[in-house]
Amino acid sequence: MDASTPGLNTRTILKGQSMFLDYIEVEAVVLQAGTEAFPSRVLTDTEQLVIVKEGELTIAFQNEVHTVGPNSVALILPGNSHQIRNHSDESLSYFIMSYRSKMPMHSNRGETGGGSFVVDFENLEFYRHDKGGRRNNFDRSTAMTENFEMHITTLNEGIASHLPHTHAAEEIILMIDGSAIELINGEPHSMAAGDLAFLGSMVPHGIRNTGKGTCMYFTFQWR
């Protein structure tokens with residue numbers, strides 16, 4: 001994204017490489033009312049995950065146009081034209097994760113998995129359980145990953161989601177509201193709304209709600 005675009009402000013939260021990714025960057029974006037983030041464009045060697053924080057985001061890709069609100073997501077695959085706009089009268093804030101695999105890109109795998117798409121938070125079913133609940137965003141292969149899975153957890157007050165554990169997939173936790181402690185390799189890290197934790201492959205981790213009432217957060221992992 002071009003940070004010099006009028007009405008667009010960006011801040012880099014995370015940038016670097018990982019075990020599975022040759023490049024990963026997460027940015028926080030604020031887009032003023034009635035402006036576009038960029039003209040229609042096509043990603044060539046990266047994928048992008050967009051997560052709406054506040055406001056309404058309008059995204060056009062191929063022949064589809066979607067307007068979605070907070071906690072909705074979009075996954076944009078290489079080769080698909082797309083554009084992001086804020087058609088509302090209020091500012092829009094969102095996160096955007098751009099990434100490229102260390103392995104060769106598989107465009108056919110991404111299209112077979114479903115191509116680019118949008119998930120509207122308002123249409124997600126809430127599955128309640130004894131620790132809180134869960135909303136499933138997607139679980140699929142992409143052009144850049146063998147598997148990319150994303151869900152939203154609601155965790156009851158004082159509850160740990162699970163004991164510290166490891167898995168091969170890399171993972172990001174993005175807090176939506178409330179507060180929590182993320183234990184990473186034995187070290188506690190306080191998290192509040194808007195905070196992000198990157199969890200490397202096979203790094204022990206676990207999360208516990210430390211606030212009053214429920215907390216809610218995105219979990220997304222890939223390999």
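Values quoted throughout were computed directly from the atomic coordinates according to the rules given, and no laboratory measurement underlies them. Quantities reported herein were computed from a predicted structural model and do not represent experimental measurements. We place every Cβ from the backbone using ideal geometry, glycine too, and count neighbours over all the protein chains shown.
Where nothing but the Cβ of Lys and Arg (+1) and of Asp and Glu (-1) is charged, how large is the charge dipole of region 124-222 around its Cα centre, in debye to the nearest 20?
Numbers: 7 positive and 12 negative charges, 59 e Å.
With only Lys, Arg, Asp and Glu charged at Cβ, the dipole is about 280 debye.
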Inset, instruction - Output ³J(HN,Hα) for region 75-92: one whole-Hz value per residue in order, computed from phi by the Karplus curve 6.51 cos²θ - 1.76 cosθ + 1.60 with θ = phi - 60°, and x for Gly and Pro. - result: 10, 10, 9, x, x, 9, 5, 7, 8, 10, 9, 10, 8, 7, 8, 10, 5, 10
Legend entry - Around Ser179: net Lys/Arg minus Asp/Glu count, Cβ-Cβ under 13 Å: -2
Inset, instruction - Can you tell me the FRET efficiency between His87 and Arg11 if r is taken as the Cβ-Cβ distance and R0 is 25 Å, rounded to the nearest 0.05? - result: 0.60
Legend entry - Contour minus Cα-Cα distance for Lys212 and Arg109 (0.36 nm per residue): 32.7 nm
Legend entry - Over region 8-122, volume per residue of the alpha carbon convex hull, in Å³: 100
Legend entry - Neighbour net charge for Asn209 - beta-carbon separation under 10 angstrom, K R +1, D E -1: +2
Inset, instruction - Find out how many positive minus negative residues lie around Gly69, taking Lys and Arg as positive, Asp and Glu as negative, among other residues whose Cβ is under 12 Å from that of Gly69. - result: -4
Inset, instruction - Multiply the residue separation of Ile159 and Asp177 by 0.36 nm, subtract the distance between their alpha-carbon atoms, and state the gained length in nm to one decimal. - result: 5.0 nm
Inset, instruction - Determine the gain in length on full extension of the stretch Ser141-Ser190; use 0.36 nm per residue of separation and subtract their C-alpha separation, reporting nm with one decimal. - result: 14.5 nm
Inset, instruction - Check cross-link reach from Lys102 to the lysines: straight Cα distance under 27 Å, and skip same-chain residues fewer than eight apart. - result: Lys15
Legend entry - Rh by Kirkwood over Cα pairs, then Stokes-Einstein D for the chain at 1.306 mPa s and 10 °C, µm²/s: 88
